[in-house]
Every structure is written in C-alpha cells, then in structure tokens.
Amino acid sequence: MSAIATRPLIAQFIAVGFAITAVLGCGRKQDVQPESFAGDWQLFEDRQFNIYVPPHSARGHRAMMSYGAACNEILDQVVTYFDLDIVQPFSIYLFNTDQECRDATGHPAGFVEGFNIYTRIGDQIGGAIAISACHAIDPQAPSFTLIKDGIHTLFDRMDINVHHEARQLLQESRLHGLAELVAADSLADREAHDIAAGSFTAFLLQRFGVDRFKMLWRSVLDLPQSLERIYGLPLPQLSDEWLVHLDREAKRT
C-alpha cells in the first residue's frame, strides 16, 4: 500500500467483526501479569499469535475457527504498510465480558500493553493489532494517545471514509481544530475525537509518509513540539493543511 486507505484497507477485515473500545491511549496503569489469571486458560497458536481463551468458554472455542487467520491477515497488512520487523509473537487474551477483564487485569476490555492485547470475544481487533505492532518501531517509545487513537480508528473502522466523516463533524461544529485536538484532556465527545484522530493520522501518513510517522512515534517531546519539528510546519499551518486534505479526500469514493 502506498497510502493508507480511508475506505476498507482489505475487504476481509470487515468480516472479522471484532471492535476494540477506544481506551488504547488511556493513562498507563500497573502492568498486567497474565499468569495471575490465565494459568488454566486454553492456548491456541496461529503463526504470529498466541490466543488465550478462558476455561469453559464455548463461544471462545468456536471463535478460534477463523480468529487466528483473520488476525494474521490484518497483521500482514500492518507490517507491510509500516515496514515493521516483528519477531516476537503477540498474545491476545479473550474475555467473555468487560467486567471479567476488569476483575482480572484492572483494565477495561480493549487495551493494549506492548505485544499483549486484552479484549472481549466478538469485538473488533484490527485497531489493537495495529497499535501493538507499532510498538516494534521502538518498544520503549512513549508514543502519543492521539496518534494511537488515530491508528485505532483507521484499522477498526475500515468500512468508512474517515475524512468524509470528519468533514461531516466539521459541518456540525463537532470537529475541533488541531490545537484543541492535541491538547484535549477530556473527551466529552468520544466519537468526534476518534474520527478526528483517525483523519489527522491518515493525513500525516498520506501527506508525509511512514518514515516521519515513525519519528513521531519515537519522539520524547510533547506532541505540539514533535509535530512542528518532525513535519516542519507550525501547528496552525499543519492544521490548515489537514483541513484542506480532509476536504479533498472526503470527496473520493
């Protein structure tokens, strides 16, 4: 792929039917220790993935028929697009309910911790795999919540033109400018935030390419400084270019 799509990246992804909730960039809590809850879970190994299903979960075992293959298809696309070198396996822990995940890990279902993914059976998985895979850029990099939310949206909502959705939000006065977006400390409108993050992240990838994105992922500066240094534009000009880009791309079918 030469540019990240805002329509489906690959048709098969839509059929996977898994959606990670938008908490991937939330404040970091204590690291989860899978051995504290997954000692008697059943392990399914499928190429790059170790998939753990809780005991006595008939639904989880049925899901394994197609789950691993779908995850590997997604990962192949992510690795190709971002030019990643991943040698270690991913671990996916599938919970029956959000509450079970909270009870076992202290986190809601749908969060990523390095190459570990914790989610519910039946939820979308594309965004989580993409974010987890990006840790290969630099496992110790802080990365940014906004960018992780953007990747999450792009790979979980591949059936939409994210720029078209962003333009609609702009017409409804629900899309804030870039300065407000990067400084957001609360998310009163989660849907608007996720669409805006997806559109802005797609703009950075489409307009400036993957290499600068990797620099952004590694940056230890705050997000406004990182954007200005890496992309060579003051934040207001970068915001203007994003809005022009999304308006143009929103018209593509």
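A few notes on this one:
- The magnitude of the dipole of the chain, with charges of +1 and -1 set on the Cβ of Lys/Arg and Asp/Glu and taken from the Cα centre, is near 380 debye.
- Karplus-derived HN-Hα couplings along region 236-246 (A = 6.51, B = -1.76, C = 1.60, θ = phi - 60°), whole Hz, x at Gly and Pro: x, 5, 4, 4, 4, 5, 4, 5, 5, 5, 5
- Computed 3J(HN,Hα) for region 40-46, one whole-Hz value per residue from the Karplus formula 6.51 cos²θ - 1.76 cosθ + 1.60 where θ = phi - 60°, is 10, 6, 8, 9, 10, 9, 9, glycine and proline marked x.
- Residue among LEU238, LEU221, GLY209 farthest towards the positive dipole end of region 193-239, charges placed on Cβ: GLY209
- Karplus-derived HN-Hα couplings along region 89-94 (A = 6.51, B = -1.76, C = 1.60, θ = phi - 60°), whole Hz, x at Gly and Pro: x, 8, 10, 10, 10, 9
- Close amide H contacts of TYR118 (hydrogens built in the peptide plane, cut-off under 5 Å, sequence separation of 5 or more or a different chain): TYR93, GLY110, PHE111, GLU113.
- Annotation for region 167-253: trypsin sites (Lys or Arg not before Pro) lying in DSSP loop with at most 15 further Cβ atoms inside 10 Å of their Cβ are ARG174, LYS251, ARG252.
- Dipole orientation for the chain: of the candidates LEU169, ILE147, TYR118, LEU169 has the Cα lying most toward the positive pole (charges on Cβ; Lys, Arg +1; Asp, Glu -1).
- Gyration tensor (alpha-carbon) shape descriptor, region 145-250, a/c threshold 1.5: rounded
- From the coordinates of this entry, volume of the Cα convex hull per residue in Å³ is computed, and it appears in (1) 176; (2) 121; (3) 152 under the label (2).
- Rounded to the nearest 20, the size of the Cβ-charge dipole of region 145-250 about its Cα centre is 400 debye, with Lys and Arg at +1 and Asp and Glu at -1.
- Separation of the ASP138 and GLN33 label points, Cα + 7 Å toward Cβ, nm: 3.0 nm
- Distance between the modelled labels on MET215 and ARG62, one decimal in nanometres: 5.1 nm (7 Å Cα→Cβ projection).
Values in this text are rule-based calculations from the coordinates and carry no lab data. Values in this document were obtained by computation on a predicted structure and should not be read as measured data. Cβ: placed from backbone, ideal geometry, glycine included. Neighbour counts: every protein chain shown.
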